[in-house]
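Some notes on the structure that comes next.
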């Protein structure tokens with residue numbers, strides 16, 4: 001990839017450039033976000049881990065007294081993270097994601113499929129709810145499901161797993177349907193420092209090159225075993 005070095009130099013004509021401070025942005029991360037955003041059909045942001053992406057989403061868009069509706073049987077680490085945030089006034093209720101979310105909640109958190117029970121959410125019922133909808137599509141990947149096309153507001157990935165694909169990159173990702181939500185989330189990421197370093201972003205770029213081939217081969221093998 002050819003890079004215009006004038007765009008990555010920290011300062012230009014005495015003014016800060018786009019990449020003058022790594023906590024704000026760096027070229028490898030921006031390119032990885034661009035490619036992942038194309039795959040999921042939205043505006044992608046990378047974080048230091050899946051748990052970091054989860055924490056950033058909750059804190060950027062909720063406030064004390066707000067309630068998260070979490071899919072029952074979801075990845076245990078997500079529930080543990082939300083339990084920690086209860087000390088700051090967030091509330092969590094679990095619900096059966098194969099049906100509609102409960103009334104009166106402020107964020108609906110789905111998994112497609114759930115880990116480890118492999119239930120699939122009723123996306124139509126969830127997106128009809130007035131609350132914002134997050135879909136953790138770590139297991140499905142954009143190859144099998146693009147939740148933003150079904151009306152979800154955010155897609156979350158633990159990119160450590162299928163997206164990077166080689167078990168050597170700890171990374172999380174959020175893909176936003178609306179640009180203004182991506183701006184808000186990026187502002188929070190910058191201030192909180194839950195950022196992804198260049199090295200794992202490079203490993204994600206490597207993994208995305210083979211994502212479709214790997215996921216389809218894994219799916220075929222699983223179907224044969226089943």
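Observations, loosely collected:
- Residue identified as part of a helix (DSSP H, G or I) and either under 13 Å from the mean Cα position of the chain (by Cα) or without any contact (Cβ under 8 Å) to a residue 60 or more places away in the chain (or both) among 54, 28: 54
- Odd one out for residue 188, checked against (1) closer than 24 Å to residue 96 by Cβ; (2) touching a helix residue (DSSP H, G or I) at 6+ places or on another chain (Cβ under 6 Å): (1)
- Residues of the stretch 112-137 that are in contact with a helix residue (DSSP H, G or I) (Cβ under 7 Å, 6 or more places away or on another chain) and not in a strand (DSSP E or B): 112, 123, 127, 137.
- Hits in the stretch 47-74 (condition: under 22 Å from residue 183 (Cβ atoms) and out of contact with any strand residue (DSSP E or B) (no Cβ under 9 Å at 6 or more places or on another chain)): 59, 60, 63
- Residues of the stretch 75-106 that are part of a helix (DSSP H, G or I), out of contact with any strand residue (DSSP E or B) (no Cβ under 6 Å at 6 or more places or on another chain) and surrounded by 14 or more Cβ atoms within 10 Å (Cβ to Cβ): 77, 78, 79, 81, 85.
- Any hit, the stretch 1-13, residues being under 21 Å from residue 185 (Cβ atoms) and either assigned to a loop (DSSP other than H, G, I, E, B) or at pLDDT 95 or above (or both): no
- Where residue 109 falls short, out of the listed (1) in contact with a strand residue (DSSP E or B) (Cβ under 9 Å, 6 or more places away or on another chain); (2) under 30 Å from residue 198 (Cβ atoms); (3) assigned to a helix (DSSP H, G or I): (3)
- Helices (runs of 4 or more DSSP H) completely within the stretch 165-226 that count 1 or more residues being touching a strand residue (DSSP E or B) at 6+ places or on another chain (Cβ under 8 Å) and either at pLDDT 95 or above or exposed (fewer than 12 other Cβ atoms within 10 Å of the Cβ) (or both): 179-192, 198-209
- Checking each residue of the stretch 160-168 against the condition of being within 23 Å of residue 198 (Cα to Cα) and out of contact with any helix residue (DSSP H, G or I) (no Cβ under 9 Å at 6 or more places or on another chain) gives at least one match.
For (1) within 14 Å of residue 52 (Cβ to Cβ); (2) touching a residue at least 60 places away in the same chain (Cβ under 8 Å), each residue gets a yes or a no:
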site	(1), (2)
146	no, yes
169	yes, no
177	no, yes
185	yes, yes
191	yes, no
213	no, no
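The values are calculated or read from the model by the stated rules, or taken from the named source; none is laboratory data. Predicted model only: the values in this text are computed from it and were never measured. Note: ideal-geometry Cβ built from the backbone for every residue, glycine included; neighbour counts use all protein chains shown.
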